[in-house]
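Enquirer: Once you've had a glance at the structure underneath, I'll fire off some questions.
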Amino acid sequence: MALALGGVAPAQADEAELAARLAALEARVTAAEERAQQAEAQVARLTAERTPETTPSSATPRQTGREAPAQATAHTGKGSSAEIEARLAALEERSARPDDFEFSVYARSGLLLGDQGKSLPGGPYVTPAGSVGGAVGRLGNEPDTYVHARFNHLTTYDNGAKQRFQFALADSVTTSNDWTAAESSLNVRQVFVELSELPSFRGTAFENATLWAGKRLDRNNFDVHWIDSDVVKLAGVGGGVYDVALGDDWRGNFSLYGRSFDNFSVNPENTQLSADTDSLILTANNYIGPWQVMLSALSANDNDQRVVPGNGRAADSGVHGMLAYRGDSFFGLGEGTFMAALLHGEGLGAEVKQIGANGELLDDASATRLAVYGTTYLAPYWRIAPSLLTEVSHDRFVRGDDYFWATLNARLANEITENFEMQYEASFQTMDLDPQGYKGRRQVQGDFGKLTIAPTFKPAVGGFFQRPELRLFASYTAWDHELNDFASDDAFGEQGYSGGQWSFGVQAETWF
């Protein structure tokens, strides 16, 4: 047998080297897991020190349904091929298991100033049409600090079943102070549990399904990011199941959500009625290839006893439907993406964006909304994201009222360097609003426009959804003076806020 210099065969030398490298890798993985456990224990200990009234004084390791990582075995650099393959398989299995903790955030914070150095009203819903969901472009138009933080605990059990628990907090303020407790609207946004890959479901339509219960924002909500408007939003407290296999290319989500309408007055003859009523939303959400068909039925017992203006009657039921399509090109014209959605609702379903959230709708209310948006590159360093959002509704809050608005928005970005780009946004909204005196509002018709330029820094350019971004911006907004007469208590009703406004500022936005 031919021997290499030193008396060791080449194959044996390679095998010994591989075994040594594998041993070192195993040691690094084990050390990383131990450091993670130590960090978690330290966090728990610090939390206990800060909140002794609610947290045990001594932290204990969390149980994740997994065995503690074994200590790295000392190896001599030798091992058979079978042993190496077995160790590699074990290492791959360990690395494939999900982390037991995840943290994710959406946040923005910025300063919005007028040309006199004073704060200005702002936000995507600043126009009169914003009172019925009419959003405009958000770039250079946000004066708030908003954060939505999500904490996830993940568990994989010995039988393969998985659990996810999420606890989420959200807060929004418009003050620029560092201490905002008096103005804060801190809220527990989500508390729910999901179960998936349950062994009992193997071989059935529920094999890849996820069961859930609790308070949550539905997993399949989606929005037009550039105008900060949900296309559809389903949320509340309830339960359901995701990803039921109904066909080769057909999966279904089914849920029941509950919401509450608070502090409404009732007719004098119904003084025994409670001051709040529950809204129940039963939804079937079907995904068939690129199509989405969403159907919801709504019920709110006793809501028809609500006192409403005029001769109408508050709705105690409703229906809602949405047909959506997700494209894998830019409207068939080139590379990119697009989304189109048509929504319609009646009665309680006439709040087509946030299903079941509005108890003041009349039983005759109807609304139809269209949303279309996409993203693409116009040239190697130029990308664009146009969007259209429009809605028409009738008999919404007062019999005979009529609302129409339409928003056209386009975000354009020019990638200058690896970390810097120029962003531009043009937003136009037209509206014809006839509230029939609802809440003292008056009929108006007119247009709103906004142009924004925003030098932007980021770790790496290359897409509209890459964050974080740090922006400077300058915006010019103008609108028809008639819109100032819609209401005395909205932004356009403020004295001195009459159209033709410059604004400047700085903003951070991130998500992960």
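Enquirer: So what's the gap between the Cα centers of the range 469-512 and the range 329-361, to the nearest angstrom?
Expert: Answer, in whole Å: 26.
Enquirer: Separate question: How many angstrom separate the Cα center of the range 106-134 from the Cα center of the range 228-246?
Expert: Using only Cα atoms to place each centre, the spacing works out to 29 Å.
Enquirer: Within 10 Å, count the other beta carbons around each residue, average over each peptide in 184-196, 124-136, and list them highest first.
Expert: 124-136, 184-196
Enquirer: What length, rounded to one decimal in nm, is gained on full extension from Phe465 through to Arg326, with 0.36 nm per residue of separation minus their alpha-carbon distance?
Expert: That works out to 48.3 nm of additional length.
Enquirer: Quick one: order Ser172, Ser260 by neighbouring beta-carbon count within 10 Å, fewest to most.
Expert: Ser260, Ser172
Enquirer: At 7 Å along Cα-to-Cβ for each site, give me the label-to-label distance between Asp402 and Leu282 in nm.
Expert: Output for this residue pair reads 3.6 nm.
Enquirer: Nearest 0.05, what FRET efficiency do Arg313 and Ile453 give at R0 = 56 Å with Cβ-Cβ as r?
Expert: Step by step, r from the Cβ atoms, then E = 0.65.
Enquirer: List the lysines whose Cα sits under 28 Å from the Cα of Lys162, skipping any in the same chain fewer than 8 residues away.
Expert: Lys215, Lys233
Enquirer: Run the numbers on the range 93-185 and let me know its relative contact order in percent, using alpha-carbon pairs under 8 Å that are six or more apart.
Expert: 28 percent
Enquirer: Below 8 Å between Cα atoms, with a sequence gap of 6+, how large is the relative contact order for the range 101-511 in percent?
Expert: Relative contact order here is 13 percent.
Enquirer: Also, I was wondering about something else. Using R₀ = 41 Å, calculate the FRET efficiency as 1/(1 + (r/R₀)^6) where r is the Cβ-Cβ separation of His481 and Glu418; round to 0.05.
Expert: After rounding to 0.05, the efficiency reads 0.35.
Enquirer: Here's another thing I want to ask about it. Take Phe151 and Leu472, extend 7 Å from each Cα along the Cα→Cβ direction, and tell me the distance between the two endpoints in nm.
Expert: 3.9 nm
Enquirer: Also, I was wondering about something else. Roughly how big is the range 101-511's charge dipole about its Cα centre, with Cβ charges of +1 (Lys, Arg) and -1 (Asp, Glu), in debye to the nearest 20?
Expert: 740 debye
Enquirer: For labels at Tyr106 and Lys118 in the simple 7 Å Cα→Cβ model, what's the distance in nm?
Expert: 3.3 nm
Enquirer: Moving on. How would you order 328-336, 341-349 from highest to lowest mean count of nearby Cβ atoms within 10 Å?
Expert: Ranked from most to least packed, the peptides come out as 341-349, 328-336.
Enquirer: In addition: What's the exposure ranking of His148, His225, His481, going from fewest to most Cβ atoms within 10 Å?
Expert: With the sparsest Cβ surroundings first, the list reads His481, His225, His148.
Enquirer: Mean separation of Cα pairs under 8 Å and 6+ residues apart, divided by the residue count of the range 277-386: what relative contact order is that in percent?
Expert: 22 percent
A short reminder: the numbers here are calculations on the coordinates, not readings from a lab. In this text the structure is predicted, and so the values were computed from the model without any measurement. Using ideal geometry, Cβ is built from the backbone for each residue, glycine included, and neighbour counts are taken over all protein chains shown.
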